[in-house]
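One structure is given here, and the rest of the page talks about it.
The values are calculated or read from the model by the stated rules, or taken from the named source; none is laboratory data. Small disclaimer: the values here were computed from a predicted structure and weren't measured. Ideal geometry is used to build each Cβ from the backbone, glycine not excepted, and the neighbour counts take in all protein chains shown. Areas reflect the complete protein model, heavy atoms only, side chains present, ligands, DNA and RNA absent. Shrake-Rupley method; radii C 1.70, N 1.55, O 1.52, S 1.80 Å.
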Amino acid sequence: MSSLVRRTLVAGLVGTVAIWSRVEGQTTAPTLGAGVLVYSQYGIQFKTDSVTDRHLNAFDITRAYINVTGKFTDGVAIRVTPDVYRVTDGSLGFRLKYAYAAWTPEKSPLTAKFGLIHTPWLDWEEALWDYRMQGSMAMERFRSPAATGYLSSADFGAGIDGKFGYDNVNFQIGAYDGEFYSKPEGDSYKDIEARASVRVLETDDHSRVGGLRVTGYAGLGRPTGGGLRNRYIGMVSYKSKLFTLAGEFGRARDRLDNLAPVTGTPAPTPVPQIDSDIWSFFGVLNVPNSKVGIIGRYDRQKPNTDLSGNDQERFIAGVSYQLTPNVRVLGDVDNLWNQSGLYTNAVNSTRTTGFIHMQFNF
């Protein structure tokens, strides 16, 4: 064997070992990533309060998320997401939205999570709707008797995500504090929440929300001070690359009085309860061969007792345009009706609002 051949073989062997070592290093070394997601808007109310001579006419940042993620060996991952949001006093606040560790065993369809994690329903539904920039979903936007949304997208707890058959079936189940991510636990009770989604017909959308699906959710818990905090949701949805259609019905049971959580006084026995029905229907049409989308949504909340202002309807219609892969603009009209008979000037001035939303991420 000539010296040239020997040198060539040795060089090739060394090069192969170097490349293999680099690949090995890439597959085992931790990977860290960071990104930003921002929802901004301009809103104007179409009617002026004749008493105060005022109406909404303002630019705003409704949400700003900073996502920090990490992937490590043996299926371990982390996520930390601070959230900049508008506080009720008008200032901008800063808090944690997600902060958890996850573990997916090798070749396993299950992922365990621990910390400040996603709750089962809203994250999944927002992925189906794909227009969180417009505002929160019906089960989060409508107010329960405790003056909070019926659901939150994150909470402190532990859970398991699972998927089978390329997302033909996916589910999530967990135990949570139940007080949402914006405040700490107030007692020793925990909420159990679970969602399961089954694809019964394939489309050209093979994501976890794609196809014709039947999806159900249940959340069982107790609020601080006693009573029940139960939620049940059923949905039928269809999603393809061309359009999305979905209809859901939810039933929520809450304690009617919220005296005990505020003052610490014992709750009555039995604790009075209220049932509320929530409907939501929405659709999205992605206009072929364009960057235009057309959206529509109808939400309805109806309690089984007369609570002033809680019997409500909302209709949303708008048109979006994808400026770039990282920037989307949406123009829409948001109409809210209170069915309580309170037709004051202040109420009328807030019924119809026009928005221009912008979502950008990088």
For segment 156-227 the chymotrypsin sites (Phe, Trp or Tyr not before Pro) that pass both the DSSP coil test and the at-most-14 other-Cβ-within-10 Å test are 166
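Need the full-extension length gain, residue 84 to residue 123, defined as separation in residues times 0.36 nm minus the C-alpha distance. One decimal, nm.
12.2 nm
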Obtain the nm distance between the two label points defined at residue 160 and residue 291 by a simple spin-label model: each point lies 7 Å from its Cα along the Cα-to-C-beta direction. 4.4
How far apart, in nanometres, would the label points at residue 107 and residue 66 be if each is projected 7 angstrom from Cα along the Cα-to-Cβ direction? 4.1
Could you let me know the centre-to-centre spacing of segment 204-228 and segment 103-172, using Cα atoms, in angstrom? 8
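Mind listing which trypsin sites (Lys or Arg not before Pro) in segment 79-173 are in a DSSP loop and have 14 or fewer other Cβ atoms within 10 Å?
107
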What are the GluC sites (Glu not before Pro) within segment 57-154 that DSSP puts in a loop, where the Cβ has at most 12 other Cβ atoms within 10 Å? 106
If the chain between residue 59 and residue 236 were fully extended at 0.36 nm per residue, the gain over the current Cα-Cα distance would be 60.1 nm
Provide the per residue accessible area, probe 1.4 Å, for segment 41-112, rounded to a whole number of square angstrom. 64
